[in-house]
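Have a look at the structure below, then the notes.
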Amino acid sequence: MEYFIQQLVNGLTLGSIYGLIAIGYTMVYGIIGMINFAHGDIFMLGGFAALIIFLVITSIFVGLPVVILLLIMMAAAMLTAALWNWTIEKVAYRPLRGSFRLAPLITAIGMSITLSNFIQVTQGPRNKPIPPLVSSVYNVFGISIALKQIIIVLLTVILLTVFWYIVNKTSLGRAQRATEQDRKMAALLGIDVDRTISITFIMGAGLAAVAGTMYLMYYGVAVFSDGFIPGVKAFTAAVLGGIGSLPGAVIGGLLIGLIESLWSAYFTIDYKDVATFSILAIVLIFKPSGILGRPEVEKV
Amino acid sequence: MANITTNPESAGGSLTARALREGFYAGIVSLGLFVLFVGLETTQNIRNELVLRQRWGLLLTFVLVAAVGRFLTVAYVRPWVAARKAAAVARVRDESAPDSFFKRNFNAIAIVALILYPILAMLIFGVQGSLKWVDNFGIQILIYVMLAWGLNIVVGLAGLLDLGYVAFYAVGAYSYALLSQHFGFSFWVLLPLAGILAAFWGMILGFPVLRLKGDYLAIVTLAFGEIIRLVLINWTEVTRGTFGISSIPKASVFGIWSFDVGAANNFAKVFGLPMSSAYYKVFLFYLILALALLTAYVTIRLRRMPVGRAWEALREDEIACRSLGINTVTTKLTAFSIGAMFGGFAGSFFAVRQGFVSPESFVFLESAIILSIVVLGGMGSLVGIAVAAAVMVGGTELLREMQFLKQIFGPDFTPELYRMLIFGLAMVIVMVWKPRGFVGSREPTAFLKERKAVSGSFTKEGHG
């Protein structure tokens, strides 16, 4: 039983990270209906920004409190990732907005290749390890919970609340939902569609950057190819939860995280990704629009 | 676009001012983009700790290039493009002029040129010198042409977005590698067998995804590709995992001449030629050329058959297709399995050519490259796809040859490092520049009086 709960805690942590990335996928998909394949690499980029800022700060100020250090890392990562995603949207996706469906997908894949290779070229192909930032571990009823796990889950909950509030209660969120439902009509009603879409990309990148920082803190290593696998899993999470749905993305992320950690705990670790993808396929066969997705009604 | 373009004639001064302003903004933005990643480099010191190295000069170059580039784009390139577009509209197009001889017989000329290519390479660079040209450029590009033509059946004709095509390539390669090692079958027996096995896997993928559409289909096919690769990595008893399978036997010319060095019927020995591996490469070149042409021929013929028409109908409108009584289940399954079959052929060719297969060769990136070639080529246009493959694959191969760049950027400059970076950028640039691909016009198979090419924007996704 303790072992099971232990795995549950691990799965929850991993799932939170996937959920944070998945929100970026699902928001962009909801608003312009494209798979932003480069999103996983934005996550990786955020991690790298945090890593570099960490090195800069620790070389200037020695003995800064970890909380402040983490906050600065996160802020820098969010800024950098947001700027990148904003630029990418402007350069690679906006010119193709009226084009056919596959065109922006191809530029997104191109951007994903570009970003990971850009980091490989400028920062080198090797793993970049950092010393552990947060290392205390608590023991609750025989289950060891690391402080970093608590931070990750707590941060996810806070960010989700903030985002839920923005999307549902503010005028910006209303503009986003209107753009999602009908872009042309929203434009006619005076919503600056371009700006709304840009802000959506910035928000998604911010969350991905937080996830990147958390990933760096959790595993203590960054590498240029880190974007692909978490990116694909987060996308899987978004689809599993029903693409376009914000709570769906989080539920999907948690599910993927739990499946992964429980599978590795009770079966073989080698096939954990196979299990994740198989469950995705099975869920989609029986519920083709995901867990919380609205079924697509096709009008003729 | 929100920003209103000013008329260059009436407002020359404000254009320059605007260009200066936009150039300045571009500089600021690129400073933000690159300050961490270009300005600083993380390197390991002797104690294996990460340290930062500063590269402010390089950062300045990046920022200046972005700013000046933006300035030039806004001030000169955009007005020039606009003027050219206006001139093109004003020019009355002479529709009655017959196409030139070259344009009319383009396909025949291209095929003859390809057949002569290895011979020319041998004549110009000598037997040994031709190796690089035939192998790196010829065979490498033709493999991608064939794969893209195979995927084109699924994506371009049937309109099913497949992000896991490389799985069938892997199935073909591993079936040749395993069956030839365990049972000693020859290439010519295993080539059709690999195709059949891949087609079978195409059906297996096809069944569960029958109900899925668009991006759901894309993610499940991606997952399928990853599952195949992960199984290849982890099922070590059969596939030897990441070590891969090596010393895969070579193909022979229908069993008449062999390319094994020790064999009595060695090609070079029979014809009394000096020993060289170039003959095998030339043989492989013709083999892949024949396979690719077979793919093209089958595609062209299938488009005129009921099943091909059904594919294209399915792509344009699934509901209309169903109400006309087309069985969408069999239509989708045939598209998946025929597309997969060509992937399997290409896979077994790949195994023969490399003599070694490992899961490393079948990553998602390969699927992405193949799909991007299909889309860049114009989704369904066979010639366009071939051109796209030659440009994208040949272009990046060409980068390996650019040794003169070392003179410009210093001796530690390795162009290979930038290969995928440039590939990714090229994908973006070509797509933004030509969203309909290299060949944007479409040739319908069904027509009333005469065949007329129509603009690609009239069709939903692909060719037709």
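Taken together, the values in this text are just the output of simple stated rules run on the coordinates, not laboratory data. Keep in mind that this is a model prediction, so the values were computed, not measured. Cβ atoms come from the backbone with ideal geometry, glycine included; neighbour counts cover every protein chain shown.
Observations on the structure shown:
- Among the chymotrypsin sites (Phe, Trp or Tyr not before Pro) found in the stretch A:198-300, those both in a DSSP coil and sparsely packed, with 13 or fewer other Cβ atoms within 10 Å of their Cβ, are A:267.
- Note that the stretch A:127-136 has calculated 3J(HN,Hα) couplings of 5, 10, x, 10, x, x, 7, 10, 10, 6 Hz, one per residue in order, obtained from phi through the Karplus relation 6.51 cos²θ - 1.76 cosθ + 1.60 (θ = phi - 60°); glycine and proline are x.
- Gyration tensor verdict on the stretch A:172-300 (Cα atoms; rounded if a/c is under 1.5, prolate if a/b is larger than b/c, oblate otherwise): oblate
- Taking the DSSP bridge list for the protein assembly as shown and keeping only pairs wholly inside it, about 95 percent are antiparallel.
- Note on residue B:196 and residue B:56: their simple-model spin labels are 7.0 nm apart, each label 7 Å out from Cα toward Cβ.
- Both numbers refer to the Cα atoms of the stretch A:1-143; Rg and Dmax are 18.6, 57 Å.
- Per-residue 3J(HN,Hα) values for the stretch B:285-297, derived from phi via the Karplus relation 6.51 cos²θ - 1.76 cosθ + 1.60 with θ = phi - 60°, read 4, 5, 5, 5, 4, 5, 5, 5, 5, 4, 4, 4, 4 Hz in sequence order (x marks Gly and Pro).
- Rounded is the label for the protein assembly as shown, because the ratio a/c of its alpha-carbon gyration tensor axes (a ≥ b ≥ c) stays below 1.5.
- Extension gain, residue A:188 back to residue A:221 (0.36 nm per residue minus Cα-Cα distance, nm): 7.1 nm
- Farthest towards the positive end of the charge dipole of the stretch B:130-377, among the residues B:228, B:196, B:174, is the Cα of B:196, using unit charges on the Cβ of Lys, Arg, Asp and Glu.
- Rounded to the nearest 10 degrees, the angle from helix A:193-219 to the longest Cα principal axis of chain A is 20 degrees.
- Computed from Cα positions, the angle between helix A:228-241 and the longest principal axis of chain A comes to roughly 60 degrees.
- FRET efficiency, residue B:81 to residue B:21 (Cβ-Cβ, R0 25 Å, nearest 0.05): 0.80
- About its Cα centre, the stretch B:76-209 has a charge dipole of approximately 580 debye under the convention of +1 per Lys or Arg Cβ and -1 per Asp or Glu Cβ, with nothing else charged.
- For the protein assembly as shown, size of Cβ-based charge dipole, Lys and Arg +1, Asp and Glu -1, in debye: 1520 debye
- Along chain A, longest interval not containing exposed GluC sites (Glu not before Pro), exposed being DSSP loop plus at most 14 other Cβ atoms within 10 Å: A:1-295
- Label-to-label distance, nm, for residues given as residue B:236 and residue B:183 (7 Å Cα→Cβ offset): 2.8 nm
- Three-way shape call for the stretch B:130-377 based on the alpha-carbon gyration tensor, with the a/c threshold at 1.5: prolate
- Working from label points 7 Å from Cα in the Cα-to-Cβ sense, the residue A:287 to residue B:44 distance is 4.5 nm.
- Pairwise FRET efficiency - residue A:141 versus residue B:109, Cβ, R0 = 56 Å, nearest 0.05: 0.10
- Separation of the stretch B:189-263 and the stretch B:325-387, taken as the distance between their Cα centroids, equals 12 angstrom.
- Backbone phi angles across the stretch B:113-126, fed through the Karplus curve with coefficients 6.51, -1.76 and 1.60 (θ = phi - 60°), yield HN-Hα couplings of 4, 5, 5, 7, 3, x, 5, 4, 4, 5, 5, 7, 9, x Hz in residue order; Gly and Pro are listed as x.
- Given charges at beta-carbon only (K, R positive; D, E negative), |dipole| of the stretch B:12-88 in Debye: 320 debye
- Against the main long axis of the alpha-carbon atoms of chain A, helix A:2-32 sits at an angle near 30°.
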